[in-house]
Amino acid sequence: MAKTATPKSKTKTKTKAKMPARAKSGTARAKSGPGAADALVNLLQSPLVAELIAIAATAAVASIAAGGSGKSKKGSGSAVKAAGVAAAAAIGQRLKTEFADIRSVAKPK
């Protein structure tokens, strides 16, 4: 059985102030050039970034292998931390040598 509709009590309700609608501009966003996403993709595809990732992965694996087989959870956590530190150090060293090479070539004689 359906309920019969009962009249709602009449109470004062507050009316919200309406915000004026934004005026739409007639021009759409023009795509004048590559965006941030395209720049990021191009950066990730560069040979230097690929080499840095390979160096970091190699250093991380070497650090984990040098630490032994961490069978305990505490040992595993410290091995992962050490691998991250080794990867960051390897990337830093490679970037230092890369910039040193660029500076030596760009130095006026």
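The values are calculated or read from the model by the stated rules, or taken from the named source; none is laboratory data. Because the structure is predicted, anything quoted here is derived from the model rather than measured. All Cβ positions, glycine included, derive from the backbone under ideal geometry; neighbour counts span all protein chains shown. Surface areas here come from the heavy atoms of the whole protein model, side chains and all, with no ligands, DNA or RNA. Shrake-Rupley method; radii C 1.70, N 1.55, O 1.52, S 1.80 Å.
The figures follow:
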quantity	calculated
Check on residue 79, on the phi < 0 side of the Ramachandran plot, surrounded by 11 or more Cβ atoms within 10 Å (Cβ to Cβ), modelled with pLDDT of 85 or more and in contact with a Gly (Cβ under 6 Å, 6 or more places away or on another chain)	yes
Residue match in the range 54-73 (condition: modelled with pLDDT under 90, open to solvent by 100 Å² or more (accessible area, probe 1.4 Å) and of a type outside the set (Gly, Ala, Ser))	yes
